[in-house]
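Following: one structure in structure tokens, then a few remarks.
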Amino acid sequence: MSTIQIDRLLDTVIRQDASDLHLTVGRKPTLRLHGRLRSLDTKVLESDDMVALMKAITPERAQQELQEEGSADFGFAYGTEARFRVAVFRQRGDIAIALRLIPNQLLT
């Protein structure tokens, strides 16, 4: 079983200038490009993949909030490359994650 690495997914979001990355059990990672959803050419995500991906980017306090409330929202800085707004939540008993790329440059 190959593992899905969050760094590779985030690099793809940045490289392809996607606005969002959707991660859901039973589906391939999906990008939102110019308003359209496009699945990446990777394996279908399993529950264990989602737990590992969630733990890789989610601060302890947000993991606790996910356990207690069923969802958590937070900001995530990917080095100096990019920032993301992240929503982690339970969907049909499994973890799901939606990441929105926040532009580094201020819009005028």
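Some points to look at:
- Near residue 79: Cβ cut-off under 11 Å, other residues only, Lys/Arg at +1 and Asp/Glu at -1. The net charge is -2.
- Per-residue ellipticity at 222 nm, computed for the chain from helices alone with -39500 (n - 2.57) per DSSP H run of at least four residues, works out to -9000 deg cm²/dmol.
- Each other residue within a Cβ distance under 10 Å of residue 28 adds +1 if Lys or Arg and -1 if Asp or Glu, for a net charge of +2.
- For 99, 9, order by how many other beta-carbon atoms lie within 10 Å, fewest first: 9, 99
- Take the convex hull of the alpha carbons in the chain; its mean projected area over all directions comes to 7.3 nm².
- Using θ = phi - 60° and Karplus 6.51 cos²θ - 1.76 cosθ + 1.60, couplings along the stretch 60-74 (whole Hz; Gly, Pro as x): 3, 4, 6, 5, 5, 4, 4, 4, 7, 9, x, 7, 7, 10, 6
Read-outs: derived from the displayed coordinates by stated rules, not from any lab. The structure presented is a predicted model; accordingly, all values stated were derived computationally and were not measured. Using ideal geometry, Cβ is built from the backbone for each residue, glycine included, and neighbour counts are taken over all protein chains shown.
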